Amino acid sequence: TLSSSSAASDVYKRQVKVDIFSPAYALQKALAELQARVTLEDPLYTDAELEQKGFEPARIAEGNVEAVVLNTAHSAFAKPDFAAWRAAGVEVVLDGQRLWVPHEVEAADILYLGVGRDASRSREQAAP
């Protein structure tokens, strides 16, 4: 599940409703090719707008989301309730913006993967 949309870093600014050059489109395509059910949550777009752009809207807290990819560091995503996410079924997050504190995510028993961050604790737990 993609948790937000964004535009390329040279064009994009947080809290700006712009989807031109958004990597969310490429993520959606790549994950769909792997047979993943891809949904998107973006606080700047209505569900109807997301559907018009070819995305399936979803809310992490409503369940049916096993993995979250943070693609854009909108302020609405700054301090999520990771325990509630875990209770809703989230098992892993990929923090593509280095927004979240790894130990806060892991304290909720969610595997944390962060771009440019060490995931050694999570890897150790997964080792046989």
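Observations, loosely collected:
- Ignoring aspartates and glutamates fewer than eight residues from K29 along the same chain, the ones with Cα atoms less than 13 angstrom from its Cα are E56.
- Convex hull per residue volume in Å³, alpha carbons only, for the stretch 11-73: 90 Å³
- Here the mean projected area of the convex hull built on the C-alpha positions of the stretch 32-106 is 5.2 nm².
Every number in this text was worked out from the coordinates using simple rules, so none of it is lab data. No experiment lies behind these values; they were computed from the predicted model shown.
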